[in-house]
Amino acid sequence: MAAVAREEAQAGAVGSADAAAVIARSATTIPEAVVAAARAAGSKAIACEDATTGQLTYRRLTIGAAVLAAKFAAFPPAERNIGVMLPTSNAAALTLLGLMSAGRVPALINFTAGIGNLTVACRSAELATIVTARAFIEKAGLGALVDELSRIVRIVFLEDIRKSVGIVDKLRGALGAHRPLVKRRPDDPAAIVFTSGSEGQPRGVVLSHRNILANTAQGGLCLQFGSADRLFSALPVFHAFGLSIGLVLPLASGVRVFLYPSPLHYRIIPEIIRDWGATILLGTNTFLAGYGRAAGDDDFRTLRLIVAGAEPLRTGTRNVYAARFGRAIHEGYGVTEAAPALCFNTLSHNREGTVGRLLPAIEARLEAVAGVDGGRLFVRGPNVMLGYLDAHVPGRLEPPPGGWHDTGDIVEIDADGYVTIRGRARRFAKIGSEMVSLAALEALAADLWPDAMSVATAIADNRRGERLVIVTDDINGDSAEFAAFARRRGASSLVAGADVIVVPELPLLGAGKIDHQAVRDIAARRLAAAAAG
């Protein structure tokens with residue numbers, strides 16, 4: 001392992017008192033934290049709502065979760081982990097809390113990932129049952145996928161569970177709503193989420209109650225969430241950003257949340273944000289750019305905080321929100337293994353071009369990488385996962401060595417603690433003896449074609465080792481134009497020599513991230529066809 005270039009052992013963007021508060025707030029379980037929030041807010045306070053089933057008060061939420069917990073407790077005892085395949089909705093909130101209360105561990109299924117990746121997920125988490133809803137499957141057109149899944153796991157529909165609920169179940173639920181059905185400890189597993197699979201097969205990430213609640217406390221302190229806020233989230237709950245910050249944070253802190261099932265409804269979502277009076281919006285660059293194109297000039301007037309994560313924020317997206325809506329986007333950074341947030345730009349500490357400062361109670365160290373400015377980021381803290389589950393050894397937990405997780409990202413941390421992402425360690429191409437950042441290549445393409453989405457990749461080349469390719473959805477994208485622009489910007493001949501391939505649209509994963517494996521495949525096929533022709 002490379003020598004340590006720099007070590008940051010710090011409380012992050014705020015002081016040691018906030019780090020202590022994070023530790024204190026995470027010394028419980030998620031069901032217990034939601035019950036505590038219900039007591040503080042009042043049983044009649046609205047906890048969450050969606051466009052299909054309407055509003056859920058804390059009373060209805062905790063009773064509904066208790067009723068489901070009793071039903072889930074009747075599942076075979078050996079089935080510790082239970083798959084959940086639901087959109088962002090009241091049903092998802094009730095199901096997740098019900099499973100946690102029953103002492104089960106929900107494994108969040110990415111229904112956009114395809115049967116191959118889902119088979120890997122089921123094997124790595126040793127899933128025998130997936131809970132879903134017929135209405136969702138029919139509306140989302142997932143019947144064929146569920147048919148394939150039913151060959152390897154049992155499918156349980158919430159509609160069938162609901163039919164089995166009688167008056168006795170409801171009375172027991174009301175009596176048991178103030179405590180989990182099965183006692184669990186803060187460091188017990190709370191949920192399993194899966195890495196995006198953007199650069200290979202997905203891996204199961206086991207997060208404890210402490211991991212998730214620590215991250216919600218970190219985010220809540222730095223983003224200054226309050227009980228008067230209204231949070232809108234269309235982020236999928238199978239993504240750690242949507243699960244922890246979009247769902248658990250508001251439910252556990254008394255912040256009202258609107259749960260929307262698809263982030264891709266670009267015309268509908270701005271109208272809901274306006275009519276519902278949302279004050280906080282979560283999104284990725286891709287989703288925020290879509291809302292910005294479709295929104296009316298006053299649709300975002302109630303928003304006081306817009307938080308972007310999961311992928312780099314493009315300058316064009318930032319500029320649209322500033323110019324049209326008078327709103328700043330606060331970029332953050334995280335990884336699934338950190339539940340997921342590590343940094344945020346906040347209302348009081350916001351530096352453009354960075355992803356903010358480390359959250360409280362997070363330690364970081366940088367390890368030198370030959371030929372690259374900055375260092376490889378390792379993190380440790382109460383929000384860092386219990387470990388990985390791997391399909392090659394199903395059920396075996398692989399904890400991070402010494403509690404340190406290797407993010408695989410190359411970053412710089414300045415004197416004020418602001419973090420700048422330079423790129424993924426895997427997203428550097430080696431051409432001859434030089435290391436070329438694919439992120440830097442993408443930044444050039446974004447400056448040249450600001451209204452387009454452009455992604456850089458590298459494919460094997462017998463002569464040079466690797467060949468740089470930019471895949472863009474700009475219909476006028478051209479290799480010669482890019483080369484001239486790159487030279488004017490002072491880029492090296494290696495960068496200026498990148499091939500440009502135009503596609504109708506870039507392949508995305510369900511959480512809004514670029515599918516880098518699919519981009520590489522597109523580039524390889526196009527260049528091979530050009531060489532053959």
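The values are calculated or read from the model by the stated rules, or taken from the named source; none is laboratory data. Because the structure is predicted, anything quoted here is derived from the model rather than measured. In this analysis, Cβ positions are derived from the backbone assuming ideal geometry, glycine residues included, and neighbour counts consider all displayed protein chains.
Of everything in region 206-255, what is basic (Lys, Arg) and either in contact with a helix residue (DSSP H, G or I) (Cβ under 7 Å, 6 or more places away or on another chain) or free of Cβ contacts under 8 Å to residues at least 60 places away in the same chain (or both)? Give them in sequence order.
Once the filter is applied, which keeps residues that are basic (Lys, Arg) and either in contact with a helix residue (DSSP H, G or I) (Cβ under 7 Å, 6 or more places away or on another chain) or free of Cβ contacts under 8 Å to residues at least 60 places away in the same chain (or both), region 206-255 yields only ARG230.
If a residue has to be closer than 23 Å to ALA41 by Cα and part of a strand (DSSP E or B) to count, how many in region 52-97 make the cut?
Within region 52-97, residues that are closer than 23 Å to ALA41 by Cα and part of a strand (DSSP E or B) number 4.
Going by the conditions given, is ARG274 among the charged types (D, E, K, R), within 29 Å of ALA135 (Cα to Cα) and touching a helix residue (DSSP H, G or I) at 6+ places or on another chain (Cβ under 8 Å)?
So ARG274 does not fit the description; no.
Identify, from the list THR95, THR88, THR29, the residue that is buried (at least 16 other Cβ atoms within 10 Å of the Cβ), within 28 Å of GLY356 (Cα to Cα) and either modelled with pLDDT of 90 or more or assigned by TED's automatic domain parsing to the domain that holds LEU347 (or both).
Exactly one residue qualifies, and that residue is THR88.
Residues that are closer than 24 Å to SER43 by Cβ, at least 3 per element: which strands (runs of 3 or more DSSP E) completely within region 123-234 meet that?
230-233
Among the residues of region 57-72, are any surrounded by fewer than 17 Cβ atoms within 10 Å (Cβ to Cβ) and either polar (S, T, N, Q) or not assigned by TED's automatic domain parsing to the domain that holds PRO186 (or both)?
No, the conditions are met nowhere in region 57-72.
May I ask you to say which residue of ARG210, ARG185 is in the same structural domain as LEU347 (by TED's automatic domain parsing) and surrounded by fewer than 20 Cβ atoms within 10 Å (Cβ to Cβ)?
ARG185
Residues of region 220-245 being of a type in the set (Gly, Ala, Ser) and surrounded by 24 or more Cβ atoms within 10 Å (Cβ to Cβ), which ones?
Within region 220-245, SER233, ALA234, ALA240, GLY242, SER244 meet the criteria.
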